[in-house]
Ligand code: E4P
């Protein structure tokens, strides 16, 4: 399972990459616009924090294939590193995926709400497909089931593309998606923290420290070697 952080907030990215086993960052136009400063500078700053090797997924904005291709080439030249261009699964987006695949630019198909959208995007050349779990749940669909169907279709048809499940609002959605065999998830900083949070874990850690200190006093295990 690969964990990606779904944010353009630099402090959140620094913290998550310091603490957790992160594989990359995903953004979309909404996420970027929340930061309210130069789009390219934000992406360069993210690249500086995460380094050249970690994945950075950046979304195109245009609705015509030729313009999507231009945006992808611009981003690839300007940001570089392990970059994926997120392209929505509209017909012109699928056309752009075919062109960009030929050019060797890596693609993440996004705004996916059905398994058939994911299948076509993968056949067009997407390396990742991003189904929107919570947005599907919000229209009385079953986001986890759509992810499970995509995983199954890729296995059945021997397709190498990976699922990058997105749009999560709680830990249970992430857990159920992980059980489907989806290869990666992109989640916000709050849910990333919540994946670890448990009151009994905190209670146990406090108890260990209290018991230790009641005998040895305040200090660290490494006291003798410092
Ligand atoms: C991911 O790349 C998607 O753009 C994102 O997860 C959507 O999340 P939201 O439904 O919380 O906006």
(message) Please rank 212, 203, fewest neighbouring Cβ atoms within 10 Å first, as an exposure proxy.
(response) 203, 212
(request) Answer rounded, prolate or oblate for segment 179-226, using the Cα gyration tensor with square roots of eigenvalues a ≥ b ≥ c: rounded when a/c is under 1.5, else prolate when a/b is larger than b/c, else oblate. (result) prolate
(message) Can you give me the distance in nm between label points at residue 78 and residue 205, each placed 7 Å from the Cα along the Cα-to-Cβ direction?
(response) 4.0
(request) Can you tell me the 0 to 90 degree angle between the C-alpha axis of helix 39-50 and the longest principal axis of the chain, rounded to 10? (result) 50
(request) Calculate how steeply helix 199-216 sits against the longest principal axis of the alpha-carbon atoms of the chain, using the helix alpha-carbon long axis, and give the answer as 0 to 90 degrees to the nearest 10. (result) 30
(request) Work out the FRET efficiency for residue 64 and residue 30 from their Cβ-Cβ distance, taking R0 = 22 Å, and round it to the nearest 0.05. (result) 0.60
(message) Compute the helix-to-body angle for 10-19: its Cα long axis versus the longest principal axis of the chain, expressed 0 to 90° and rounded to tens.
(response) 60
(message) Could you work out how much longer the chain between residue 11 and residue 157 gets when fully extended? Use 0.36 nm per residue separation minus the Cα distance between them, nm to one decimal.
(response) 48.5 nm
(request) Could you let me know the centre-to-centre spacing of segment 11-44 and segment 132-190, using Cα atoms, in angstrom? (result) 21
(request) Please give the contour-minus-distance gain from residue 103 to residue 52: 0.36 nm per residue of separation, less the Cα-Cα distance, rounded to one decimal in nm. (result) 16.3 nm
(message) Per DSSP helix of 4 or more residues, -39500 (n - 2.57); summed, then divided by the residues of the chain. What does that give at 222 nm, rounded to the nearest 500?
(response) -16000 deg cm²/dmol
(request) At 10 °C and 1.306 mPa s, grab the translational diffusion coefficient of segment 2-197 from Stokes-Einstein with a Kirkwood Rh over Cα pairs, rounded to a whole number in µm² per second. (result) 96
(request) Springs between alpha-carbon atoms under 10 Å, Gaussian network over the chain: tell me which of 197, 72, 178 tops the mean-square fluctuations. (result) 197
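A short reminder: the numbers here are calculations on the coordinates, not readings from a lab. None of these values were measured; they are calculated from a predicted model. All Cβ positions, even for glycine, are placed from backbone atoms using ideal geometry, and neighbour counts span all protein chains on display.
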